[in-house]
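Accompanying notes for the structure given below.
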Amino acid sequence: MKKNKNVPKIRFDGFEDEWKIYSLQELGNFKNGMNFSKDAMGIGFPFVNLQNIFGKNIIDAENLDKALASNQQLKDYSLNKGDVLFVRSSVKLEGVGEAALVSDNLKDTTYSGFIIRFRDIYGMENNFKRFVFSTKPVRKQIISQSTNSANKNISQSVLEKIKVSIPEKNEQQKIGNYFANIDNLISLQKQKYEKLLDVKKAMLNKLFPREGEATPEIRFNGFSGEWEENVLGKIMEVTSVKRIHQKDWVKSGIPFLRARDIVARSKNISINDPIFITEDKYIECISISGRVKVGDLLVTGVGTIGVPMLIQNSQPIYFKDGNVIWFKNKNNIDPKFLFYSFYGNLIQKYIKISSGIGTVGTYTIESGKQTPIKIPSSRDEQKAIGDYFSKLDKLIELNKEKLEKLKNVKSSLLDNMFV
């Protein structure tokens, strides 16, 4: 018996037939969108722009801008249920050819000239169309055929030749509905994650005193009294380290942090090109500068400025002088409280103002010394605030991991359930 070749690795029970291969010109027709003058923007009728497609696979009709269009244009550039909109032009290569489904008839709605409409006459299941154009075989064809000028572009003639593999209707429906459910789970998890981020942002405003206030809006039970206002240079040493030159960088040894490495760590993402110094060089340098200790704080002074990194273990590290400011805590303040104070509005506003001179902002040692901070007199209150945000961050990270896991599951299944 001849073995079917054009089939996915994973299938629902009951389906065995080989998928059929079509070019998109066999399945429907294409039409470029309309170009609007500046005077036509912001008034008139809803229209779909690039931002309604990027990172999405379905058009959200509730979040469309407006553009003025004539009756004939509304007819020529209409959007019907089942249409698919492709990004025709994108600054980034990965954006070109992104596609989103029109899931309902959009009355009196047009679309941008940077978009190409595909109107299906074959009759693919809508949810199948929603996902098939984001699979690797289709994306590879689109990317390889895109043209490179100021922007990355794709044309109707190229899209017409794109090949897609399609099963019979019942299998299309099962696959489409399955991935729609996964997308719904991803959306719900994303909402949970973003809600926690909003909670953290709100609580940073409420658990630390606002500008001009001596007490926070919300306080844990059992604590009272005004917070003391001070500057960090008066309660701890603010400094940097002995300079390390590029010739001293090596591929393994003691981690050497640049400002961008601290930013990466703050986002829990891997450092692409980690740098190290030898143990001998480290010992030589700390004999002059001292050793970073548990409870100290490192804060970025260039690039994305004002990002803190709390030292929580005794593993040796070193960092780039000038790029990173070193706050030697010496147990003056609860370490976690100090860390989260740097995310509060008081310090972030100061950093923004003090570093805003010149074309590139910098947060310097002198600025670090003058950084304002409000501190409750009770060490227990400091600890309660630090612990609260620490637990909240762990919950945020847990939900972020769940979101990424769902995205990875979807990506793997797209590879295995489509041809």
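The values are calculated or read from the model by the stated rules, or taken from the named source; none is laboratory data. This structure is a prediction, so every number in the text was calculated from the model and none was measured. Positions of Cβ are generated from backbone atoms using ideal geometry, with glycine treated the same way; all protein chains shown enter the neighbour counts.
Summary of values
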| quantity | calculated |
| --- | --- |
| Scan of the stretch 369-419 for residues that are over 24 Å from M203 (Cα atoms) and in the same structural domain as N329 (by TED's automatic domain parsing), ordered by number | K369, Q370 |
| The listed residue being buried (at least 17 other Cβ atoms within 10 Å of the Cβ), in the same structural domain as I121 (by TED's automatic domain parsing) and more than 30 Å from S341 (Cβ to Cβ), out of I143, I175, I154 | I154 |
| The stretch 230-246, subset modelled with pLDDT under 95 and surrounded by fewer than 16 Cβ atoms within 10 Å (Cβ to Cβ), residue nearest to K383 (Cα to Cα) | K242 |
| Considering residues of the stretch 347-400 that are touching a strand residue (DSSP E or B) at 6+ places or on another chain (Cβ under 7 Å), in a helix (DSSP H, G or I) and of a type in the set (A, V, I, L, M) only, the residue nearest to L196 (Cα to Cα) | I347 |
| Members of the stretch 273-296 found to be surrounded by 19 or more Cβ atoms within 10 Å (Cβ to Cβ) and farther than 24 Å from D248 by Cα, listed by number | G295, D296 |
| Sole exception among (1) closer than 23 Å to I43 by Cβ; (2) touching a Gly at 6+ places or on another chain (Cβ under 6 Å); (3) surrounded by fewer than 24 Cβ atoms within 10 Å (Cβ to Cβ); (4) of a type outside the set (A, V, I, L, M) for N127, by number | (1) |
| Sole exception among (1) under 30 Å from M417 (Cα atoms); (2) touching a strand residue (DSSP E or B) at 6+ places or on another chain (Cβ under 6 Å); (3) buried (at least 16 other Cβ atoms within 10 Å of the Cβ) for A69, by number | (1) |
| Selection count, the stretch 297-320, where residues are hydroxyl-bearing (S, T, Y) and either outside the structural domain of K330 (by TED's automatic domain parsing) or surrounded by fewer than 18 Cβ atoms within 10 Å (Cβ to Cβ) (or both) | 2 |
| Any chance K75 is modelled with pLDDT of 95 or more and part of a loop (DSSP other than H, G, I, E, B) | no |
| S270 in contact (Cβ under 8 Å) with a residue 40 or more places away in the chain, small (G, A, S) and either farther than 30 Å from S378 by Cβ or surrounded by 12 or more Cβ atoms within 10 Å (Cβ to Cβ) (or both) | no |
| Inter-residue pairs, beta-carbon under 6 Å, first under 20 Å from S224 (Cα atoms) and in the stretch 379-406, second surrounded by fewer than 18 Cβ atoms within 10 Å (Cβ to Cβ), 6+ apart | E381/F223; A384/F220 |
